[in-house]
């Protein structure tokens, strides 16, 4: 592995830089981010202009659904493209562990997803200039969004590790993310204990709690657990690839 200033760079860090370079030197990141900003902008400014309210409630309420679609679009190529081109074979022969490879790819996906969110801070500035939004829900909304980005990025790299087809990787990740997001919305007719269970595994329920400005360790543990589960599944998938 390369050295900088006499120090050996972490393989995960090198892989992360390589993937980020691929993101931002190609068109995918800009297309996905542009579409995300168009749709999220419509959500925010429809409230701002049509309802005459300077708030981000509508934006945050639909953010989990938006991220369920756009993060898989960012992550679909991470493994699938390398499998299709055959470069994954070279990567697997290098002196790096599967955990380091997955860590590098996960970090690049998370950073790209967070960068996609960054321009939406303009909505916050607009709301502050023309209204008085509560700081707690705004900070909580963005904190919850970062946890969502981490969890869905882990789902995305797992889906991409299963196939060499980017479209299949996208739809696999999208289905998992949208089910996690909306599972509690379709089960209201079931008995209360069942609904309570599915509400607990609903990403939207935990995001909504954080976006209210309430930091509950159960919500944080949920997102950390989902991220670690799919991260571990990706590592296991790559270990099977080596055999």
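The values are calculated or read from the model by the stated rules, or taken from the named source; none is laboratory data. These numbers were taken from a predicted model, which means no experiment stands behind them. Because the Cβ atoms are built from the backbone with ideal geometry, glycine has one as well, and the counts that use them run over all protein chains shown.
Can you tell which of 114, 80 is crowded, with 16+ Cβ neighbours inside 10 Å and at negative phi?
On inspection, the qualifying residue turns out to be 80.
Please go through region 1-18 and give me each residue that is crowded, with 17+ Cβ neighbours inside 10 Å and at pLDDT 90 or above, ordered by number.
16, the sole residue that qualifies.
Inside region 91-137, can you point out the residues that are over 30 Å from residue 45 (Cα atoms) and out of contact with any helix residue (DSSP H, G or I) (no Cβ under 9 Å at 6 or more places or on another chain)?
Residue satisfying the conditions is 93 alone.
Can you say whether residue 168 is modelled with pLDDT of 95 or more, part of a helix (DSSP H, G or I), in contact with a helix residue (DSSP H, G or I) (Cβ under 8 Å, 6 or more places away or on another chain) and surrounded by fewer than 16 Cβ atoms within 10 Å (Cβ to Cβ), as far as the supplied structure shows?
Details: modelled with pLDDT of 95 or more: yes; part of a helix (DSSP H, G or I): yes; in contact with a helix residue (DSSP H, G or I) (Cβ under 8 Å, 6 or more places away or on another chain): yes; surrounded by fewer than 16 Cβ atoms within 10 Å (Cβ to Cβ): yes.
Yes.
Test residue 159 against the stated conditions and say whether it is crowded, with 19+ Cβ neighbours inside 10 Å and within 25 Å of residue 220 (Cα to Cα). Break it down stepwise before answering.
Details: crowded, with 19+ Cβ neighbours inside 10 Å: yes; within 25 Å of residue 220 (Cα to Cα): yes.
Yes, satisfied.
Quick one: in region 35-78, of everything that is more than 16 Å from the chain's Cα centre (by Cα) and over 23 Å from residue 212 (Cα atoms), which residue is modelled with the highest pLDDT?
Looking at the filtered set, the residue picked out is 38.
Please identify the pairs in which a residue from region 79-91 that is at pLDDT below 80 has its Cβ atom under 9 Å from the Cβ atom of a residue that is surrounded by fewer than 19 Cβ atoms within 10 Å (Cβ to Cβ) and not in a helix (DSSP H, G or I), counting only partners at least 6 apart or on another chain.
85/164; 88/164
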